[in-house]
1. Can you go through 83, 77 and tell me which one is under 30 Å from residue 4 (Cα atoms), open to solvent by 30 Å² or more (accessible area, probe 1.4 Å) and in contact (Cβ under 8 Å) with a residue 40 or more places away in the chain?
2. Is it the case that segment 324-333 has a residue that's of a type outside the set (Val, Ile, Thr) and over 24 Å from residue 164 (Cα atoms)?
3. Provide a single number: the residues in segment 113-134 that are part of a helix (DSSP H, G or I) and open to solvent by 10 Å² or more (accessible area, probe 1.4 Å).
4. Being within 21 Å of residue 276 (Cα to Cα) and open to solvent by 20 Å² or more (accessible area, probe 1.4 Å) is the filter here, so list the residues in segment 289-301 that pass it.
5. Among the candidates 292, 205, single out the residue that is over 22 Å from the mean Cα position of the chain (by Cα) and either at pLDDT 90 or above or in a helix (DSSP H, G or I) (or both).
6. Report, by residue number, each residue of segment 102-126 that is among the small types (Gly, Ala, Ser) and either touching a helix residue (DSSP H, G or I) at 6+ places or on another chain (Cβ under 6 Å) or under 17 Å from residue 144 (Cβ atoms) (or both).
7. Kindly establish whether residue 126 is closer than 25 Å to residue 262 by Cα, basic (Lys, Arg) and in contact (Cβ under 8 Å) with a residue 24 or more places away in the chain.
8. For segment 19-39, what are the residues that are in contact (Cβ under 8 Å) with a residue 24 or more places away in the chain and either closer than 14 Å to residue 59 by Cβ or open to solvent by 70 Å² or more (accessible area, probe 1.4 Å) (or both)?
Amino acid sequence: MTNLTNKKIKRILSKIVDIYTEQNIISSNNINIDGDKVQINIELNYPANSYHTTLSNAITDTLTKNGINNASVDIKTKIVKYTTQKGVDTLPEVKNIIAVASGKGGVGKSTTAVNLALALQAEGAKVAILDADIYGPSQPRMLGVSKIKPESSTEGKLLPILGHGIQSMSIGYLVKEDNPMIWRGPMITQALEQMLRDTLWRGIDYMIIDLPPGTGDTQLTLSQKIPVSGSIIVTTPQDIALIDAKKGLKMFEKVNIPILGIVENMSLHICSKCGYEEAIFGTGGGKAMAIDEGIEFLGALPLKMDIQTDVDEGTPTVTKNPEGKIAKIYKEIAKKVSAKLTQQSRVTNAFPSITIE
């Protein structure tokens, strides 16, 4: 094809839609033309390593159908910072904080949090996890680092513990695993703030906060003192779980924290012996709740023995079996969550750049 121009190529590419942002790729691309050679540079603002090949093939196939045969595509990721609640101090080394919450315990929230963190990392992001469940910290064991104690930096801050490449902090690193935390509300909120702000986090794109169940002091502290970019609600299809999940959802709405979507755990029980699938907790509850509330349904996880035993062993499923079916579900959720976040306003520099000549 002769007389190639950026305008012609953009017109052709306008037909291609990013399946996660649901927007065409025109705004994220840069086109370089050298004779009959075309170089397409795409910049995604969310981590999606497993989507790059699919998107690249869609671009080259579309160009080929329109007579442009000498094209190459380069896809890069640039994760930016998005707005949080007004009046809350941000963390200089943490771009975005995502809270994972549930209305009640026992729905697999912590398992979802750690696998989501690992899935974001697998897709190309730098990730941290903060275990905000002071009474029942589980992330140290799930990350396989429960016996490690954090050290202090020269500045007097705690150094995060690395588990499977993820930076983490939990009260579980500071007390014995079987030691009960008999603390009142003010002590809980102070501990949460200290773990967040007195830890030497480094270059984090996404911090996942694993919240305790319910809508109590920790959740209130989160909304008032921690810069949260968005939240995820974890539930099961069971009616009683959905009732409590809606309470958590309404809480985030009242404190103006965006809800990025709903994850449904235990959607089907899969027999470890024969593979038979049965909806022992009901069907479609999480998806119906998402439709009713006008928010995104991020995905459903089955009630499968491996998911539970993997975290008990300290090797969550996304790490233990990264190419397996369950890991792929978590990675899809990670891409949907981070892509949803890109629809929010970005944090911009309040001061104009000054050039002295």
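The values are calculated or read from the model by the stated rules, or taken from the named source; none is laboratory data. What you see is a predicted model; the values in this text were computed from it and never measured. Cβ atoms come from the backbone with ideal geometry, glycine included; neighbour counts cover every protein chain shown. All accessible areas refer to the heavy atoms of the entire protein, side chains included, with ligands and DNA or RNA removed. Shrake-Rupley method; radii C 1.70, N 1.55, O 1.52, S 1.80 Å.
1. On the way: 83 fails: under 30 Å from residue 4 (Cα atoms).
Checking each option against the conditions leaves just 77.
2. no
3. Count: 2.
4. Going residue by residue through segment 289-301, those that are within 21 Å of residue 276 (Cα to Cα) are 299-301.
300 - this is the single residue of segment 289-301 that is within 21 Å of residue 276 (Cα to Cα) and open to solvent by 20 Å² or more (accessible area, probe 1.4 Å).
5. Values: 205 fails: over 22 Å from the mean Cα position of the chain (by Cα).
Selected residue: 292, the only one of 292, 205 that is over 22 Å from the mean Cα position of the chain (by Cα) and either at pLDDT 90 or above or in a helix (DSSP H, G or I) (or both).
6. If the condition is that a residue be among the small types (Gly, Ala, Ser) and either touching a helix residue (DSSP H, G or I) at 6+ places or on another chain (Cβ under 6 Å) or under 17 Å from residue 144 (Cβ atoms) (or both), then 102, 103, 110, 113, 117, 119, 122, 124 are the ones that fit.
7. yes
8. Residues of segment 19-39 in contact (Cβ under 8 Å) with a residue 24 or more places away in the chain: 19-21, 25, 31, 33, 36-39.
Scanning segment 19-39 gives 19, 25, 31, 36, 37, 38, 39.
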